[in-house]
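Peer 1: Structure provided below as structure tokens; questions to follow.
A short reminder: the numbers here are calculations on the coordinates, not readings from a lab. These figures come from a predicted structure and were not determined experimentally. When we count neighbours, we look across all protein chains shown, and the Cβ atoms used for this are built from the backbone with ideal geometry, even at glycine.
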Amino acid sequence: MVFESELEIETGSDGETTTDLEYAQADIFLTDNITFVFGKYLSPIGQFQERLHPSWINKSISMPAGFGHDGVQPGSDVGVQLRGGVPVGGMVFTYALAAGNGPRLGAEGPELEGFPRDNNSNKSLGGRLGFLPLPYLEFGASYLTAKVNTTADAPAVHGAALDSGASDLANYKLWGVDMAFTKGSWDVRFEYLDSKLTGLGAGGGLSGLSADGAEEGLLETNGWWKAWYTQAAYRLAGITDQKILRNFELVVRYGKFLPRGNDELEEGREERFNVGLNYWFTPTAVLKSNLEIRNFQIVDIPDETRFQFQFAYGF
């Protein structure tokens, strides 16, 4: 058995310290091809959150647009998984099948962080299937389906009125594809996620939201979210053996986050471009420099250009 966990500790400008348990999971190896996972695990949907989000692994300093908090990609869930890989000839097929407490409804759509309690009787079901025709080339496909409460824990909590005959559960579905090419000095990736929430607004759910209900900050209309990015990184060790130069890495990333549903949701629409230069002291210690350009699709939101620097160490 292997146990892994990540605890985040943050001190704010007022001196207050907050902690957040990103994940805490136990992996039990049942056979060479089957691993049983339970606890608060990183979501297997897509590849970025589960494999790439730690600072010393992420090639850039920020996350791709739509792949961080309040984005399309689930961060974590609380439940169980079965996962593993099956070799077939010179190829490998991988799988991850998960059942968890699932998302909850928030002001900007489903909240996709792991909740310790399920506030309805429906579990989220999903996972990812991967295919490696070559050891350095992988293709993946992901899917998730879940129900979310349209009235938080109970309609009486915030005075929301349900449409006559409408269900108090909305449908949430997510699908995506991804690709990774990691050979020699090259690391090239692509990921696309598409999700939809139905059963709100005219289709049912919340329609007569009172002032108390509005303060709860629940989304009142159906929504659709999609995000994608493509990234290429190249270590100069592929073209030189010079002791210092070989440790530099060039990184370029471009992506978009495209929410739809109402004016407030669409304020989050953006395209994001990153170009960076990294220096690797060791395989787990890196100094990053990064230029990030964020172009928001709403006229009254100014675009941003950021110069960022970060040192990250994995241990």
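Peer 1: Per-residue ellipticity at 222 nm for the chain, helices alone: DSSP H runs ≥ 4 residues times -39500 (n - 2.57), over residue total, nearest 500 deg cm²/dmol?
Peer 2: After summing the helix terms and dividing by the residues of the chain, the value is -500 deg cm²/dmol.
Peer 1: Calculate the dipole size of the stretch 1-154 relative to its Cα centre from +1 charges on Lys and Arg beta carbons and -1 charges on Asp and Glu beta carbons; express the result in debye to the nearest 20.
Peer 2: 740 debye
Peer 1: Let me ask something additional. Using amide H atoms built in the peptide plane, which far-off residues or other-chain residues are under 5 Å from GLY106 H to H?
Peer 2: GLU111, LEU219
Peer 1: Lys pairs in the chain, Cα-Cα under 20 Å, at least 8 apart or on separate chains: how many?
Peer 2: 18
Peer 1: Distance between the C-alpha centers of the stretch 80-142 and the stretch 1-60? Whole Å please.
Peer 2: Result: 14 Å between the Cα centres.
Peer 1: If you don't mind, there's one more thing I want to ask. Would you mind ranking MET63, MET91, MET1, MET179 by Cβ crowding within 10 Å, fewest neighbours first?
Peer 2: Going from least to most buried by this count: MET1, MET91, MET179, MET63.
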